[in-house]
Amino acid sequence: MRIGVLALQGAVAEHIALIQKAGAEGVAIKRTEQLDDIDGIIIPGGESTTIGKLMRTYQFIDALREFSRQGKPIFGTCAGMIILAKEIKGQEEPHLALMDIQVERNAFGRQRESFETDLDIKGIDKDVRAVFIRAPLIERVGEGVDVLATYRDTIVAARQGHLLAASFHPELTDDERMHAYFLDMVRETR
Ligand code: GLN
């Protein structure tokens, strides 16, 4: 099984390391042609406006919409979750607009710009280590979206079929369980 990590900007190497730890091959994706060779893709954290711009420049918007139409799983972490969302609060244009969630960027305020905590993630475990860095939150989920984790009453992880989103950075820990969960999703669709 080969899992891509969109490598336009952001935390790429860390995701690849955890994909390998969870037992699959991880590949950095820089060109749309490479999408034919992978079974699922992770859109990493970073800065969503920058990633979105680069995705438009390198034709990744249509290519990833097609990838999703084929039922291939996509996992967005932090900025990657913003890229997946159908609605970004206060912002006119979404990016991929694939997942029926509304997100709010930089939602945890200045004092809590970055922090770590253990989350109870449905389908994984009660103590999954999560690192939040200027993280977005999920304000609203549509029908068919399953909430997987909350932090102080706000939604921080969700799944809609073959789409997975997390506010935090699972790749900045050495805990590969969230990646293993995504690999199971990919296995189910193959
Ligand atoms: N604050 C960033 C954004 O809005 C996301 C932060 C991150 O990916 N760590 O794009």
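Computed from the coordinates by the stated procedures, all read-outs in this text should not be read as laboratory data. Predicted model only: the values in this text are computed from it and were never measured. All Cβ positions, even for glycine, are placed from backbone atoms using ideal geometry, and neighbour counts span all protein chains on display.
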Using 1/(1 + (r/R0)^6) with R0 = 30 angstrom and r between the beta carbons of Glu113 and Asp62, what's the FRET efficiency to the nearest 0.05? 0.30
Kyte-Doolittle mean at least -1.0 and Cα axial length at least 18 Å: DSSP H helices in the chain: 177-189
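Please tell me the relative contact order of region 2-189 in percent, rounded to the nearest whole number, where contacts are Cα pairs under 8 Å and at least six residues apart. Kindly include the intermediate steps, with their values, before the conclusion.
Working: 425 pairs, mean separation 38.4, N = 188.
20 percent.
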As straight-line cross-link partners of Lys122, the qualifying aspartates and glutamates (C-alpha separation under 20 Å, not fewer than 8 residues apart within one chain) are Asp100, Glu139, Glu143, Asp146, Asp153, Glu171, Asp174, Asp175, Glu176, Asp184, Glu188
Largest first and to the nearest Å, give the Cα extent of region 1-118 along each principal axis. 40, 32, 23
For Lys72, give me every one of the lysines with a C-alpha distance below 20 angstrom, ignoring sequence neighbours fewer than eight places off in its own chain. Lys30, Lys86
Quick one: length gained pulling Lys53 to Thr189 fully straight, 0.36 nm per residue minus the C-alpha distance? 46.0 nm
Work out the FRET efficiency for Lys30 and Glu93 from their Cβ-Cβ distance, taking R0 = 35 Å, and round it to the nearest 0.05. 0.90
Spin-label model distance (nm) - Asp174 vs Gln20, 7 Å beyond Cα toward Cβ: 1.5
With a 10 Å Cβ neighbour count serving as the proxy for reagent exposure, in which order, fewest first, do Glu104, Glu87, Glu143, Glu171 appear? Glu143, Glu87, Glu104, Glu171
